[in-house]
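The block underneath contains the structure these notes are about, expressed in structure tokens.
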Amino acid sequence: MDRKQFVKKFEQHFAGKPRVFRAPGRVNLIGEHTDYNDGFVFPMAISFYTTIAVFPTRDRKLYIRSENMNELIAIDLDANATRRNHWSDYVAGMANVLEAEGFRLPGASMLIDSDVPVGSGLSSSAALEMSAGLALLSTIGSELALEKLALLGQKAENQFVGMNCGIMDQFISTHGKENHALFLDCRTLDYELVPLQADDIRFVICNTMVKHELGSSEYNKRRAECEQGVTLMRADYPDIKALRDVSLVQFKKVQHKLPDIVRKRCRHVISENERTLQSMTALNSNDLEKFGQLMNSSHDSLRDDYQVSCKELDLMVELARAHDGCLGARMTGGGFGGCTVNLVLANSVDHFVENLSKSYEKETTLKPDIYISVPSEGAHELI
Ligand code: ADP
Ligand code: MG
């Protein structure tokens, strides 16, 4: 939908000439479960956006309509809003953290629509937070540095929504750039935009259409196991603060001292950090074969050592790898369902999509959604 149509839709529900902002979802190419270990990630913004048209009101109320949810919600900014376990929490949470920063919001009418698949691991949540952040700031004619906006989005999701996520999703949703992937150091927030405009490849995202419920409890367990690994390895390396500080060589010297499970978890995170660094080098020298191999190893490590895959993700990856034009395939996101990301030669993409879709459906009776995306631009105003 272009800007004009979007504004028209806004006017069907609300008064005023709105400004329009949008922020993309993302796919993580490599570097999984490394963010909360102070490590490296390598996502790109996708060409799927959450768009918000916004016009200020003066009654300190937010009137928020989501087209996706087909629902209008009113929130009183003076009522000390707290979590309702409702989609509007993401917007209320952004308003809450902005007010805590000293921005006094006048109230606003907001129309939301998104083509980011919701709840599929492509971060519709960060796309909503970042577009809402820009929209709310516009009602007082303010802007924030992108890094600050990303950090506030993470804070809203951690503290208001109650999801203990890292910084990757909000960071890429704000800092993404057309034809670039973004290498991010989650400790320092130093980043590098790495050109990715090879005409002869595509990133194909395959949705398994399943989401197993153990996700959040297992996530907390993995975090605790990583922390345990750091504590235990401090006996030999007193200066380490996170798994990020341990090299693979150092790890190999002490791994026999760790309990089985902790050893596996640490091996994943430490090797994944190295793979992520190597994948940046590979991309910089346009070695896509190597990039694909690193994606493959990443998946195997997530499946065997970190144990956050599931049979549907493994099947999707296995079917993809059987295809000639596929250079690499891995699960992406937290795991236990959601999507895979595949590096595929452009001239075999149609065939790849058709084959994979058929064979996955045959084995599971589920029809997978498949998205093809180029690296896209981060959050911005549509003018
Ligand atoms: P993901 O970020 O992987 O898509 P999450 O569970 O983190 O999955 O976030 C999905 C939630 O974000 C939805 O359940 C909903 O509450 C909220 N959300 C995302 N996009 C929208 C939207 N366009 N309209 C309303 N709520 C949305
Ligand atoms: Mg999310």
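The values are calculated or read from the model by the stated rules, or taken from the named source; none is laboratory data. Predicted model only: the values in this text are computed from it and were never measured. Because the Cβ atoms are built from the backbone with ideal geometry, glycine has one as well, and the counts that use them run over all protein chains shown. Heavy atoms of the whole protein, side chains included, go into the accessibility calculation; ligands, DNA and RNA do not. Shrake-Rupley method; radii C 1.70, N 1.55, O 1.52, S 1.80 Å.
Some points to look at:
- Among all residues of segment 277-289, there is at least one that is part of a loop (DSSP other than H, G, I, E, B), more than 20 Å from the chain's Cα centre (by Cα) and without any contact (Cβ under 8 Å) to a residue 24 or more places away in the chain.
- Being aliphatic (A, V, I, L, M), in the same structural domain as D169 (by TED's automatic domain parsing) and within 29 Å of V308 (Cα to Cα) is a description that does not apply to L105.
- Residue match in segment 254-270 (condition: assigned to a helix (DSSP H, G or I) and under 30 Å from T365 (Cβ atoms)): no
- Count - residues of segment 161-198 that are farther than 20 Å from A145 by Cβ, in contact with a helix residue (DSSP H, G or I) (Cβ under 9 Å, 6 or more places away or on another chain) and not hydrophobic (A, V, I, L, M, F, W, C): 3
- Counting only residues that are of a type in the set (D, E) and under 24 Å from G335 (Cα atoms), segment 222-263 holds 3 of them.
- Criterion: farther than 18 Å from N37 by Cα, in contact with a Cys (Cβ under 8 Å, 6 or more places away or on another chain) and charged (D, E, K, R) - qualifying residue of E147, E129, E157, E178: E157
- Taking strands (runs of 3 or more DSSP E) as the structural unit, those lying wholly within segment 86-203 and holding at least 2 residues that are within 16 Å of ligand 1 (Cβ to nearest atom) and open to solvent by less than 40 Å² (accessible area, probe 1.4 Å) correspond to 108-114.
- Any hit, segment 210-217, residues being charged (D, E, K, R) and either within 19 Å of F291 (Cα to Cα) or at pLDDT 95 or above (or both): no
- Some residue of segment 199-214 being over 22 Å from the mean Cα position of the chain (by Cα) and under 16 Å from T34 (Cα atoms): no
- In segment 45-85, the residues that are surrounded by 15 or more Cβ atoms within 10 Å (Cβ to Cβ) and polar (S, T, N, Q): S47, T50, T51, T57, S66, N68
- Lone qualifier among D245, D190, D260 - being among the acidic types (D, E), under 23 Å from the mean Cα position of the chain (by Cα) and at pLDDT 95 or above: D190
- Some residue of segment 351-359 being of a type in the set (F, W, Y), touching a Gly at 6+ places or on another chain (Cβ under 8 Å) and either more than 16 Å from ligand 2 (Cβ to nearest atom) or without any contact (Cβ under 8 Å) to a residue 24 or more places away in the chain (or both): yes
- In the condition set (1) touching a helix residue (DSSP H, G or I) at 6+ places or on another chain (Cβ under 6 Å); (2) of a type in the set (A, V, I, L, M); (3) more than 16 Å from ligand 2 (Cβ to nearest atom), A145 is compliant with all but (1).
- Checked against the criterion of being more than 10 Å from ligand 2 (Cβ to nearest atom) and either within 12 Å of the chain's Cα centre (by Cα) or not aliphatic (A, V, I, L, M) (or both), the candidates Q170, Q154 yield just one match: Q154.
- Condition met for T50 (near ligand 1 (Cβ under 9 Å from one of its atoms), assigned by TED's automatic domain parsing to the domain that holds V7 and closer than 22 Å to L151 by Cα): yes
- Checking G335 against (1) open to solvent by 10 Å² or more (accessible area, probe 1.4 Å); (2) on the phi < 0 side of the Ramachandran plot, the condition it does not meet: (2)
- In segment 339-382, the residue that is nearest to G176 (Cα to Cα) out of those that are in a strand (DSSP E or B) and open to solvent by 10 Å² or more (accessible area, probe 1.4 Å) is H380.
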